[in-house]
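Submitted below is the structure of interest, expressed as structure tokens.
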Amino acid sequence: MTPVLLAQAPAGAITAPPIAYGAIAPVLIVLGGACIAVLVEAFLPRHQRWPVQVALSLVVLAAAGITLGVYAGGSPAALTTLGDALSVDNPTLFLWGTLLLLGLGSILLIADRSVEPGGAFIPTPASRAASGGGGTTVTGGGGDDVDRDYGEPGSAPTMQTEVFPFALFALGGMMVFVSANDLLTMFIALEVLSLPLYLMCGLARRRRLLSQEAAVKYFLLGAFASAFFLYGLALLYGYAGSVKLSAIADAAAGSDRSDALLFGGLALLVVGLLFKGSVGPFHAWTPDVYQGAPTPVTAFMAACTKVAAFGAISRVLFVAFDTTRWEWRGVLWAVAIVSMVIGAVLGLTQTDIKRMIAYSSIAHAGFLLLGSMSITEQGVSGTLFYLIAYGFTTLAVFGVISLVRDSDGEASHLSQWAGLAKRSPLLAGVMSFLLLALAGIPLTSGFTAKFAIFAAALDDGMAPLVIIALVASAVAAFFYLRVIVLMYFNEPAPDGPTVTVPGAFTTAAITLGVLVTLLLGIVPSLALGMASGGPFSG
């Protein structure tokens, strides 16, 4: 039976889809570099891996960035490739460039070995059992995190380099995530970017049990969110007969089927996306993971994952659900309000600076949702600009946080930041500038970003939501100013923390974040022009 069927198939019936290699070259370079990094881990001796992995990661990001710049410099038309699985349009190119630049800063923070001797990472997330006078105890808390060395006896702890391929794979997944033109590709990209992050969160050299707890929470809640996404995908496939965003849009515009599958699928799909963007009330993982993960990984998550999540949310809403906006917009209004209120109000109660920035990110996620709901070109450009502004500011904030340390590692309790300006005026000044940017003070990127996104929301008829966002911004400004007051108007404790002199990598990452934050606040026209090149296409 089978030979007969095969014989009846016309010759050449199955053809490979055309692939625009020039358009997707940045993604291929990043994912190819991640595969090479895995081979480096497998075949090079441990003491040779750190310089090779750092050089490889920086070369990969530079090559991907140059390739992207060359392609985008030709003003290419929007296209779909790989069997319409990926859409390469102006928002895609802008998001890819943002991710590569933020990935560069994150890699610099990850590679630093001077702030934390031996680096911030360990070879395994498992806690050690240490024998003491009273028996066996499990370590992993404060200052007892001296890890076994893989180099010569008595030498400094060796930098663990498994984190570099993890970071490149996660970055490649994010690039596919924001350009996915169908939900199945988007789901695969979601898993590719998430699984390395789960592992990276549990590799902290200090406060190891807290790091492991963060990784487990992130993994379990992330698995639930992925299940929601997959169920939503299945319902939308049942409604439209396709997982392509454009096909879902066509079915929603002209189908006489019941809308139960459409809006049920959209609800489940959006839950998975909002989780990844740490939007309240789907934010439960954010404070614990930000606090427990190694600070370079927290910076990577806070900056890059936010860009990937809201890039995907904006694409899904703009391309697939534009015609049904009046049905789902009311629900997302409520979600945005909840996110802004949770972030602003609960941020006031935090005593750990990393948890405070986590709640700040939840409030900012509510602001970003305003732009994603504005199904206009102005909404798209405002969202893209907000993402690049927020990403660089947050990256620099966590770089600064990593420098304030005591004998147990990072001094993240707010009381330990008292009088910091007297110990290090430069660091306190940089941190104050970054906090004012997060608060949206003029002459910083935060002000320009909020103005752009609020203007887009006003033009799209969301004036009440903008008023609530302005109130939430005013409330959130209080906990940013509280840190500034602590640093400048309180006396430092005699045994207070010291400020570690940053190495070249951390200095470069913080400088990059501060310069971009300043430039986007003073001369935002270039970035706004690049973000205004056109809408999402499918």
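Read-outs: derived from the displayed coordinates by stated rules, not from any lab. Because the structure is a prediction, the values reported are computed rather than measured. Cβ sites come from the backbone with ideal geometry, for glycine too, and all protein chains shown count toward neighbours.
Counting helices only, and only those DSSP H runs with n ≥ 4, report the 222 nm mean residue ellipticity of the chain as the sum of -39,500 (n - 2.57) divided by its residues, in deg cm²/dmol to the nearest 500.
-22000 deg cm²/dmol
May I ask for the percentage of alpha-carbon pairs in the chain that lie more than 37 Å from each other?
29
Net charge within 11 Å of residue 466 by Cβ-Cβ distance, Lys/Arg positive one each and Asp/Glu negative one each, not counting residue 466 itself?
-1
Which of rounded, prolate or oblate describes region 365-509 when judged by the alpha-carbon gyration tensor and an a/c cut-off of 1.5?
Verdict is prolate for region 365-509.
5 Å is the cut-off here: which amide hydrogens, built 1.01 Å from N in the peptide plane, fall below it relative to residue 411, excluding neighbours closer than 5 in sequence?
For residue 411, whose amide H was placed from the backbone, the distant partners under 5 Å are 404, 405, 406.
Can you spot the lysines whose alpha carbon is less than 23 Å from residue 276's alpha carbon? Ignore those fewer than 8 places along the same chain.
Straight-line reach from residue 276, under 23 Å: 217, 244, 306, 354, 450.
Which ordering of 75, 194 is given by a fewest-first count of other beta-carbon atoms within 10 Å?
Starting with the residue having the fewest Cβ neighbours, the order is 75, 194.
Roughly how compact is region 224-341, stated as its Cα Rg over 2.2 N^0.38 Å to two decimals?
Ratio of Rg to 2.2 N^0.38 Å for region 224-341: 1.15.
Kindly identify region 429-487 as rounded, prolate or oblate by the Cα gyration tensor criterion: order the square roots of the eigenvalues as a ≥ b ≥ c, call it rounded if a/c is under 1.5, otherwise compare a/b with b/c, prolate if a/b is larger, else oblate.
oblate
Whole angstrom only: what separates the Cα centroid of region 315-338 from the Cα centroid of region 200-260?
Region 315-338 and region 200-260 have Cα centres separated by 17 Å.
Something else about it: Fully extended, how many nm does the chain gain between residue 495 and residue 14 (0.36 nm per residue separation, minus their Cα-Cα distance)?
Net length gain for the segment: 165.9 nm.
For residue 277, which sequence-distant residues (separation of 5 or more, or a different chain) have an amide H within less than 5 Å of its own amide H, given hydrogens modelled in the peptide plane?
Under 5 Å from the amide H of residue 277 lies no amide H from a residue far enough along the sequence or on another chain.
Local charge sum around residue 360 (other residues, Cβ-Cβ under 14 Å, Lys/Arg +1, Asp/Glu -1)?
Summing Lys/Arg as +1 and Asp/Glu as -1 gives +4.
If you don't mind, another one. Order by neighbour count: 220, 168, 458, fewest other Cβ atoms within 10 Å first, most last.
In increasing order of surrounding Cβ atoms, one gets 220, 458, 168.
Follow-up question, since we're still on this one. Which trypsin sites (Lys or Arg not before Pro) does region 237-295 hold that lie in a coil by DSSP with at most 15 other beta carbons within 10 Å?
Those satisfying the criteria are 257.
Can you tell me how much longer the chain between residue 191 and residue 114 gets when fully stretched, taken as 0.36 nm per residue apart minus their C-alpha distance, in nm with one decimal?
Fully extending the segment from residue 191 to residue 114 adds 24.5 nm.
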